[in-house]
1. Going by Cα centres, the range 1-77 and the range 96-163 are how many Å apart?
2. Would you kindly calculate the mean projected area, averaged across all directions, of the convex hull enclosing the Cα atoms of the chain, in square nanometres?
3. Which whole-number value in Å² is the accessible area per residue of the chain, probe 1.4 Å?
4. Relative to the Cα centre, what is the charge dipole magnitude of the chain, using +1 at the beta carbon of each Lys and Arg, -1 at the beta carbon of each Asp and Glu, and rounding to the nearest 20 debye?
5. Mind checking which of Leu85, Leu27, Leu192 has the largest fluctuation in a GNM of the chain, springs on alpha carbons under 10 Å?
6. How many nm separate the modelled label positions at Leu40 and His82, each set 7 Å beyond the Cα in the direction of the Cβ?
Amino acid sequence: MSFSIRRLLLLMKRDLHTQWRNAFLALAAAIAVIIVLGVLVAWQGDTRQFHDILFPLLFLPGGYILTSRAFSDLHRKATTRHFILLPAGAGEKTLSRLLFSGPGYLLLAIFGYSIAALCAHFLTLLLFRNAIPFFTPFTRNLRLLYANYLASQSLFFLGAAWFRKNHFLKTVLTLTLLSFFFSFLGLLAQWLVFGGLHQLNHLDPLIFRPLRGRRLMEGVVRCAEIFYWGILPPFCWLVSWLRIREAEVSHGV
C-alpha cells in the first residue's frame, strides 16, 4: 500500500479520538498536581527554581511512558485485529503514532504546563504574595531538553513496537543492560590501548601519548553526537516500521 497524506490525516484524527484520550486525562491530572505543588512551595518560601526542577521531572517520564504505549492496541488480543485491518499502511500507522508521541506530546506538554503555571502564579500571588514565577517555555536549556526528548524518545518508540508487554519497564531494563555492556567494552578498550597493549608488545608508552590528547576526545564526542542526533532516531523509527510491517504480513495483510 503506497503512502498517502490523506490516509495519514484520517488515521491521526481516528487516533486522536481513540488512542490519546487518556493523554488529556493525564494532562488534567498533571495540571492539578502542578497547582498544588506550586501552592506548597510558595507557602514554604523559595520559588525561584520551581519550574527548572518540576517541568523536566514531569515532562520526560510522562513522554517516555506515553510513547511506550504507542502501539498498545497492536499487542492486545482484543484490539490486534482492529489495528491490523485499519485502512492504512504500516508507514502511515507508524508515522501517526510517532507524531502524536513526539511533537504532539511536546506541544501538549508545553501548553498544559504553561496554563498550570499561570494558574499557580495568580493563586500563590493571591494567597501568599510570594508568587510562583511565570513559565518561560523557550529558554536555551528547555530547547535543548525538547531536542533531547525527541531524540531519546525514539528508543521508547521502538520498545513500544517491539515488546508485547510491559513496554516501558522492558525498554528501561534493555537500555540499562546495554549501558553496562558498552561501559565494559569502553573500559576494556581503554585498558588495551593505554594499559596493557604496550606492555604485551614491549612498545614505548610514549607512542600512545598523542592518543591521550584533546583531539581523540573531541573525535569521540563528535562521533557520539552524530550517532545520537543523526543515526539513532532514524534507525529506531525504521525498525519500528519494519516491526509493524511484519505484524501486518504475519496476519495476512
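1. Centre-to-centre (Cα) distance: 8 Å.
2. 19.1 nm²
3. Numbers: 15840 Å² over 253 residues.
Value returned for the chain: 63 Å² of accessible area per residue.
4. Numbers: 25 positive and 10 negative charges, 105 e Å.
Magnitude of the dipole: close to 500 debye.
5. Checking each option, the largest mean-square fluctuation is seen for Leu192.
6. Reported label-point gap for Leu40 and His82 is 3.7 nm.
The values are calculated or read from the model by the stated rules, or taken from the named source; none is laboratory data. Being a predicted model, the structure only gives us computed values, none of them experimental. Cβ: placed from backbone, ideal geometry, glycine included. Neighbour counts: every protein chain shown. Just so you know, the surface numbers come from the protein's heavy atoms only, side chains and all, with ligands and any DNA or RNA stripped out. Shrake-Rupley method; radii C 1.70, N 1.55, O 1.52, S 1.80 Å.
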